[in-house]
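Below: one structure, written as structure tokens.
The values are calculated or read from the model by the stated rules, or taken from the named source; none is laboratory data. Predicted model only: the values in this text are computed from it and were never measured. Cβ atoms come from the backbone with ideal geometry, glycine included; neighbour counts cover every protein chain shown. Ligands, DNA and RNA are excluded from the accessible area calculation, which covers all protein heavy atoms including side chains. Shrake-Rupley method; radii C 1.70, N 1.55, O 1.52, S 1.80 Å.
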Amino acid sequence: MTFLGMPAHAPRGVGHLRGDESFPAAARTALANPQLRRNLQHATTTIRGKSGRVIAELPDWEELRSAGSALKAYTMANLPRLLEQLEEKVTAAGGVVHWAADANEANRIVTDLIKETGEQRVIKIKSMATQEIALNEALEAAGITPVETDLAELIVQLGHDKPSHILVPAIHRNRSEIREIFLREMPGVDPALTDDPPELAGAARRYLRETFLSTRVAVSGANFGIADTGTLAVVESEGNGRMCLTLPDTLITVMGIEKVVPSWQDLEVFLQLLPRASTGERMNPYTSMWTGVTPGDGPQNFHLVLLDNGRTAVLADEVGRQALHCIRCSACLNVCPVYERTGGHAYGSVYPGPIGAILSPQLTGIEDNASLPYASSLCGACFDACPVKIDIPSILVHLRNQAPHPRTEKAAMAAAAYTMDRPKLYERAQRAAKLSKLLGKRGRGLPPPLNGWAASRDLPAPPPESFRDWWRGR
Amino acid sequence: MSSKELILGRIRQALGSSTASPGVPRDYRRGAAPVDLDLLVERLADYKAVVHRVPDVPDTIRTIIGAGRLVVPPGLPADWLPPEVPVTRDDQLSAAEISAADGVVTAAAVAVVETGTIVLDASPDQGRRILSLLPDLHICVLRPEQVVASVPEAVARLTPGRPLTWISGPSATSDIELNRVEGVHGPRNLHIVLWESA
């Protein structure tokens, strides 16, 4: 039974949280692409090395992780108060706060705000929240052109592609593929463009410069929203963020409700954790912080849209709610042996990798992403890499218990339990197991539907003698 | 019911009776630590900022800008600037006028040794955010007493209500094969003049 006020999942039919096919099916396609696997292996190996080196420079990394983890737990426990405080402070500083229960409402609020300005084009800073709610599609349907200004987002947008990584959405593309996309899709590009990365970056600079200077509305996400000051923070590298946050008249920021941070001082923790875990830098090139509107400096109209879209449903699960602690650094993707092989598209959601495997099913409801909690070997590398210590493996197991299980599995487990409860029966079953040779090596010869089970698992070979037989004949 | 009431109601429902508010251990390094200017120079240079450790500001700026034209914030001390270099003071200049300059000179609010970061807070000697964004060359004059060892010390020194820009090296991207490449939308050249009075 549901009534108004019950935590709700992200609605179907809007946004990018659900894939067209299950993880195993999509992964099979990705695994057949050797170029993709080479690109991913190269990029994730690079970032793991960089990140490891700068983390090793800090003698208090573990203490920072503990503080970050505790700060997030504190935030979730005090969420209503902190959000109201943030609203009060932003409003006092000249901003306008809007509350969006789901993707549809957020898209409607942003579209209406842009329509009120009379503009037909907006510049965008890379933002997971607006990807999640498919804001670009909603704007296009309303006749508004969204221009992605982050280099990787631009590569994805020009390539008519989908993002495959939280931090570097075009991680699946190498430099020569990026060059080809630019030559094909970027108006006015120099045909002599090479695949030298500084040249590719320079092409993006020239292409977007005029757009930055002539667009009057920007849309951003937020890395942090500080409750006790009303300050918003965006962490970036290229300066496209600074352009969007500084040049337009109107700025609209869409922020998930879990991104609120209790106090100004807490930035001292997150500004150390995020860059080192994320891009493997001591500090990212640019971080912008603004509080409402500053007369004479930057946008004079500021709107903050606070987004639920399934987050309260995640919060309702006492084990799973840790997924809301995520600061979107993507370290868990970079260390995951499954992600490194399948890439991000296989996960179907804008949140790929280990964090996606626990976040997406909880945002949508487990039935819409039932295969994702299994997209892991439970090796635990993600837990070790997470700068706010989210226990991803435990949540994966927790979600596997909630996922719908096939009836054959249930019947087999019930039969096994019955057998193991009865010693005589169990002994006979052990002898019968030797007949499993008939099932072929490692269970590959199992008949349907059991062959599905054996497709990704090995049936252990039965020992030549059981313990009981050995004990008796000792 | 407004969406605000709806969302806050959902959160309270989701939290249920679990209202225990955990404490936050702050066992990481927080106090004031000695400032190592050599390390600051090393960290700035590591992210491709050009550092000048000098006793004299105008001479250094002349060397960097050559025959170029500068824009400066309204409160930048006049005696920092070489007299023969053409300078436009920002008095609500247009974006096009700022873009047309070859470089901008600003002061800074704080610098962080450990991360090689300078922070601007839009004070009169640093100016509007647009000023240090559009020119391709940013010259930032830093005094030793503005330098702190760590991020927590910098956060404590800054005033949250001001527009803040944390800068660590020139504009860069990690979007191509996850390697850092300098030179995208922000200034591609960052010069730090570390002004150590003789």
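Brief remarks on what is shown
- Of the numbered criteria (1) open to solvent by less than 10 Å² (accessible area, probe 1.4 Å); (2) not in a strand (DSSP E or B), the one A:ALA222 fails is (1).
- When B:ASP121 is tested against (1) within 7 Å of another protein chain (Cβ to nearest Cβ); (2) out of contact with any helix residue (DSSP H, G or I) (no Cβ under 8 Å at 6 or more places or on another chain), only condition (1) is not met.
- In the stretch A:44-57, the condition of being within 11 Å of another protein chain (Cβ to nearest Cβ) and not in a helix (DSSP H, G or I) is met by at least one residue.
- Matching residues in the stretch A:259-280 - criterion: being more than 13 Å from A:PHE224 (Cα to Cα) and either at the interface with chain B (Cβ under 7 Å from one of its Cβ atoms) or over 20 Å from the mean Cα position of the chain (by Cα) (or both): A:GLN272, A:THR279
- Any hit, the stretch A:157-166, residues being of a type outside the set (Lys, Arg), outside any loop (DSSP other than H, G, I, E, B) and within 30 Å of A:GLU116 (Cα to Cα): yes
- Filtered residues of the stretch B:72-113 (kept if among the polar types (S, T, N, Q) and buried (at least 19 other Cβ atoms within 10 Å of the Cβ)): B:THR106
- The stretch A:402-443, subset outside any helix (DSSP H, G or I) and closer than 30 Å to A:PRO361 by Cβ, residue modelled with the lowest pLDDT: A:PRO406
- None of A:GLY68, A:GLY95 is buried (at least 21 other Cβ atoms within 10 Å of the Cβ), of a type outside the set (S, T, N, Q) and more than 16 Å from A:SER263 (Cβ to Cβ) except A:GLY95.
- Within the stretch A:110-144, the set of residues being under 16 Å from A:ILE257 (Cα atoms) and in a helix (DSSP H, G or I) comprises A:MET128, A:ALA129, A:THR130, A:GLN131, A:GLU132.
- When the stretch A:265-284 is filtered for residues that are of a type in the set (Asp, Glu) and in a loop (DSSP other than H, G, I, E, B), only A:GLU281 remains.
- Residue check for A:ARG205: open to solvent by 10 Å² or more (accessible area, probe 1.4 Å), outside any loop (DSSP other than H, G, I, E, B) and facing chain B (nearest Cβ under 7 Å): yes
- Odd one out for A:ARG175 among (1) more than 8 Å from every other protein chain (Cβ to nearest Cβ); (2) in contact with a Pro (Cβ under 9 Å, 6 or more places away or on another chain); (3) open to solvent by 30 Å² or more (accessible area, probe 1.4 Å): (1)
- Some residue of the stretch A:327-335 being touching a Phe, Trp or Tyr at 6+ places or on another chain (Cβ under 6 Å), within 14 Å of another protein chain (Cβ to nearest Cβ) and assigned to a helix (DSSP H, G or I): yes
- Hits in the stretch A:237-264 - residues which are farther than 20 Å from B:SER99 by Cβ and assigned to a helix (DSSP H, G or I): A:ILE257, A:GLU258, A:LYS259, A:TRP264
- Members of the stretch A:281-294 found to be of a type in the set (Gly, Ala, Ser) and more than 7 Å from chain B (Cβ to nearest Cβ), listed by number: A:GLY292
So that you can scan it fast, the table gives a plain yes or no per residue for (1) surrounded by fewer than 23 Cβ atoms within 10 Å (Cβ to Cβ); (2) not in a strand (DSSP E or B):
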{"residue": "B:LEU134", "(1), (2)": "no, yes"}
{"residue": "B:HIS138", "(1), (2)": "no, no"}
{"residue": "B:GLU153", "(1), (2)": "yes, yes"}
{"residue": "B:PRO160", "(1), (2)": "yes, yes"}
{"residue": "B:TRP166", "(1), (2)": "no, no"}
{"residue": "B:ASN179", "(1), (2)": "yes, yes"}
{"residue": "B:GLY186", "(1), (2)": "no, yes"}
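- Within the stretch A:374-401, the only residue that satisfies the criterion of being part of a loop (DSSP other than H, G, I, E, B), of a type in the set (Ser, Thr, Tyr) and buried (at least 16 other Cβ atoms within 10 Å of the Cβ) is A:SER376.
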